[in-house]
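Structure record follows, encoded as structure tokens.
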Amino acid sequence: MKVMFGGFQWYGSPVAPGLPQSNLLNGEMFYSAGDFLDTLREMQIYCIRHPNDHGLDHALIYVFDGRDERPKFHHYLWKPHMGATMERVDYGQAVPDDFYARHAFEALMSQRKPVKVSTVVNAALKRVRGDMGADGTDDAHRAALRSAVAAFINTNPLVHSQRVDSLKNPHGGYTMVEHLGIYDKEPKWLK
């Protein structure tokens, strides 16, 4: 919680149409903003010098900044034509176009810390009820919302989950879940 580090994931052109994250070329980690930005600049220069054969489609950039002794996370997209600029990633773009997934995602992103999956489902259920009114049963909605949260846990690398064993829970425990995007506030690392 007292250091900053970041990394790049360099991607080539998609292996197949519609699979933009399917061609990972390389990944690098940095513990210095200077080295980090120098590498970005070197890649920009390389792409300018080799406009037709650089082979790079985009880079995903991650920054973890704990210098204020609280967690901060930032996620950016960089493409060769962007020069030295980076675009902040919209976390909602990775969410399937599904009614329950959207409500589950909104409930997950409104949390301030890791919470139980049931807490996310209950918060999302309120949103579902607000949109649908009295249609359907709570059990059916909860089941669909749990499936959506499980899909996030299994497919989204920015969703972190941890199983917690508990003798008080009839199922033997519960799962804590969070999206790293909840820590994406006030990026100061570039200043």
Legend entry - Residue count for region 114-148, restricted to those that are more than 18 Å from H179 (Cβ to Cβ), part of a helix (DSSP H, G or I) and hydroxyl-bearing (S, T, Y): 0
Inset, instruction - Could you please find all residues in region 96-142 being exposed (fewer than 14 other Cβ atoms within 10 Å of the Cβ) and within 20 Å of G173 (Cβ to Cβ)? - result: K113
Legend entry - Candidates L180, L167, L145, filtered to the one that is touching a Leu at 6+ places or on another chain (Cβ under 9 Å) and either open to solvent by less than 20 Å² (accessible area, probe 1.4 Å) or without any contact (Cβ under 8 Å) to a residue 12 or more places away in the chain (or both): L145
Inset, instruction - State the number of residues belonging to region 148-159 that are open to solvent by 80 Å² or more (accessible area, probe 1.4 Å) and within 14 Å of Y100 (Cα to Cα). - result: 0
Legend entry - Checklist (1) closer than 19 Å to R88 by Cα; (2) open to solvent by 50 Å² or more (accessible area, probe 1.4 Å) applied to Y11, failing item: (2)
Legend entry - Residue in region 18-49 that is farthest from P157 (Cα to Cα), counting only those that are more than 22 Å from the chain's Cα centre (by Cα) and open to solvent by 60 Å² or more (accessible area, probe 1.4 Å): R49
Legend entry - Residue count for region 50-78, restricted to those that are in contact with a helix residue (DSSP H, G or I) (Cβ under 9 Å, 6 or more places away or on another chain), open to solvent by 20 Å² or more (accessible area, probe 1.4 Å) and under 25 Å from D184 (Cβ atoms): 5
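Here is a yes/no grid of residues against (1) modelled with pLDDT of 90 or more; (2) within 30 Å of R112 (Cβ to Cβ); (3) not in a helix (DSSP H, G or I):
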{"position": "F36", "(1), (2), (3)": "no, yes, no"}
{"position": "I48", "(1), (2), (3)": "no, no, no"}
{"position": "L56", "(1), (2), (3)": "yes, no, yes"}
{"position": "I61", "(1), (2), (3)": "yes, yes, yes"}
{"position": "D68", "(1), (2), (3)": "no, yes, yes"}
{"position": "H75", "(1), (2), (3)": "yes, yes, yes"}
{"position": "A84", "(1), (2), (3)": "no, no, yes"}
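The values are calculated or read from the model by the stated rules, or taken from the named source; none is laboratory data. Owing to the predicted nature of the structure, the values given are computational and were not obtained by experimental measurement. Positions of Cβ are backbone-derived with ideal geometry, glycine not excepted, and every protein chain shown enters the neighbour counts. Note: accessible area is taken over every heavy atom of the protein model, side chains too, but ligands, DNA and RNA are not part of it. Shrake-Rupley method; radii C 1.70, N 1.55, O 1.52, S 1.80 Å.
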